[in-house]
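Written below as structure tokens is the structure these notes are about.
The values are calculated or read from the model by the stated rules, or taken from the named source; none is laboratory data. Here the structure is a predicted model, which means the values were calculated and not measured. Ideal geometry is used to build each Cβ from the backbone, glycine not excepted, and the neighbour counts take in all protein chains shown.
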Amino acid sequence: MQRAVKPLLFLVCLLPLASLVWAAVNYQLGPDPGEKLMLEIGAWAARLLIATLLVSPLRTWSGWVSLLRLRRMLGLFCFFYASVHLSLFAHFYLGWVAERLLEEIVERPYISAGFTAWLIMLPLALTSNRAMQRRLRRNWQRLHRGVYAAAVLVSLHILWQVRSDFGEALVYALIFALLLAWRLMRYRKKQSSASNAKLLDA
Amino acid sequence: MRTPFKSGIPSSEITSESAWLKRRQLMTAVAGGALVGSALASALVSPGASALAAGQSLRHRPATANSPAGFYTTESLTPYEDVKRYNNFYEFGTDKGDPARHAHKMSIDPWSVRVDGAVDKPGVLNLEDILTGFDLEERVYRLRCVEAWSMVVPWMGFPLSDLLKRFQPTSKAKYVQFYTLLDREHMRGQRSFTSSIDWPYVEGLRMDEAMNPLTLMAVGLYGKPMPNQNGAPIRLVVPWKYGFKSIKSIFRIRLTQRRPKTSWELIAPQEYGFYANVNPQVDHPRWSQKTERRLPSTLFSPNRRDTLMFNGYGEQVAHLYKGMDLTRDY
């Protein structure tokens, strides 16, 4: 049973992509399929980032330690969807012209935010295997805290695109804010219990 | 080919404002009633409006290569189905598919447009007056959205100038202000508490822009009555401006001396100006305006093309902006 969880999660993470590709080849994405595909894939990247960040709090609340073993896969899928999202943007909006990408990054803050988030996630994906984890030791954890910065940037990326209705963007931003706030609170607690311990020692 | 038309309606047939108000009160009262009410309501429904609802073809003069310059283009049309399912009509939600899903809840029958402000003869046009009282003609226009996509649509309607002249604008009329219907019950976007638009949606034109022959009041597309999601029963089409200027489901037209503030100007004046002329040299802060995606596009070809100054209608409208700095008055 335990052994089936990982392959199952792998298939579940592929489902959104599969259903979108299916819709695309069957002309169900509307008159602007490229944009639709890019937006949907991007939304799934954000949802997978939420799922990745949910692992720690869920483990704490449920006490189910083995949840941690799923985090790497969720994170890697998040990076995969973000990369597809970025490639679709490069294809449909920039025609793979590097200068246009540069122009977009410089001139449009929501694109700079999204692109920076992807850049932050790139080394995290590259160092996600166990060998790198062992090699980097304490630095690995430090490096992978970069995911918090990525979460902030992804929230900005979504919020900056709002035309007039903040509803959906606010939901994403709020979820990211809660996930980060939970970590901040946990960090504060650790700090204070550590200093309490010091006081007791003295 | 020309089809015969009825001549324009005499101003005596235009409903007075007080009669219009009374009629609306009656409708509201009727809507409150049960069975008896609905029987009364159907008795009040005009023949013109029910023709609209039935989805019949409307008589009109088709656009051809011989039409005046700008009224027609040989570019391939965006298919009817795509024009109907890809819309920005935030009254029904912000997703492109939301209007097609939800706009059927809006009732366009009965419908009337109030025209007031700086006019000698303020009054109300009922939908049947509009459909039978104006010479309907086809215009094949490019539609360029500020989000950098575009379509080619065969509209059906009549020049806004024809409508305005009947109400006799005074010398004080310098601008025309348009209002979309306000109907929170049936327009879910207007109920959204996270929306920053101050409903109803408002747009405006300068008087000379409004009187330009290209400026169209459209009541249909593809020879059929206007689908709800495209702005039924009557909307504005200003082909040389970004799509958000072409206000949908118009309920009221007011002529003013001072320039009205438009809905998008109120939310983000640094992004959306009053003029909003299509201009590839002036970028919107979030979307480059140099190129556009002509819809439908496919997964492998974005169908990208260069955006033209005034959306290609410079010959017809550039003179309106002579001496103006369009990077400032964007």
**Message:** Being assigned to a strand (DSSP E or B), of a type outside the set (D, E, K, R) and within 14 Å of another protein chain (Cβ to nearest Cβ): is that true of residue B:156 here?
**Reply:** no
**Asked** Does residue B:205 fit the bill of being among the aliphatic types (A, V, I, L, M) and either in contact (Cβ under 8 Å) with a residue 60 or more places away in the chain or within 14 Å of chain A (Cβ to nearest Cβ) (or both)?
**Response** no
**Prompt:** With respect to the numbered conditions (1) in contact with a Phe, Trp or Tyr (Cβ under 7 Å, 6 or more places away or on another chain); (2) surrounded by fewer than 19 Cβ atoms within 10 Å (Cβ to Cβ), which one is the sole condition not fulfilled by residue B:295?
**Reply:** (2)
**Prompt:** Looking only at the range B:260-287, which residues are touching a residue at least 24 places away in the same chain (Cβ under 8 Å), closer than 22 Å to residue B:90 by Cα and in a loop (DSSP other than H, G, I, E, B)?
**Reply:** B:260, B:261, B:262, B:272, B:273, B:274, B:275, B:276, B:278, B:284, B:287
**Prompt:** Would you pick out the residues in the range B:288-304 that are more than 9 Å from chain A (Cβ to nearest Cβ) and without any contact (Cβ under 8 Å) to a residue 40 or more places away in the chain?
**Reply:** B:290, B:303
**Item:** Criterion violated by residue B:31 - all others in (1) among the aliphatic types (A, V, I, L, M); (2) surrounded by fewer than 16 Cβ atoms within 10 Å (Cβ to Cβ); (3) at pLDDT 90 or above satisfied
**Value:** (3)
**Request:** Please work out which one of (1) in a helix (DSSP H, G or I); (2) of a type in the set (Ser, Thr, Tyr); (3) over 26 Å from residue B:146 (Cα atoms) is the condition residue A:128 fails and give its number.
**Result:** (1)
**Asked** Taking the condition under 18 Å from residue B:293 (Cβ atoms), within 14 Å of chain B (Cβ to nearest Cβ) and either touching a residue at least 24 places away in the same chain (Cβ under 8 Å) or assigned to a helix (DSSP H, G or I) (or both), does residue A:105 pass?
**Response** no
**Asked** Do we find a residue being in contact (Cβ under 8 Å) with a residue 40 or more places away in the chain, surrounded by 17 or more Cβ atoms within 10 Å (Cβ to Cβ), closer than 20 Å to residue A:123 by Cα and touching a Leu at 6+ places or on another chain (Cβ under 6 Å) anywhere in the range A:38-49?
**Response** no
**Prompt:** Just one of the numbered conditions (1) within 14 Å of chain A (Cβ to nearest Cβ); (2) surrounded by 15 or more Cβ atoms within 10 Å (Cβ to Cβ) is not true of residue B:279; which one?
**Reply:** (1)
**Request:** Specify the residue that is farthest from the other protein chains (Cβ to nearest Cβ); the eligible residues are those in the range B:208-223 that are in a helix (DSSP H, G or I) and aliphatic (A, V, I, L, M).
**Result:** B:211
**Message:** Cβ contacts < 8 Å: first residue within 12 Å of another protein chain (Cβ to nearest Cβ) and buried (at least 18 other Cβ atoms within 10 Å of the Cβ), restricted to the range A:79-99; second residue outside any helix (DSSP H, G or I) and basic (Lys, Arg), any location; separation 6+ or different chain. Result?
**Reply:** A:92/B:293
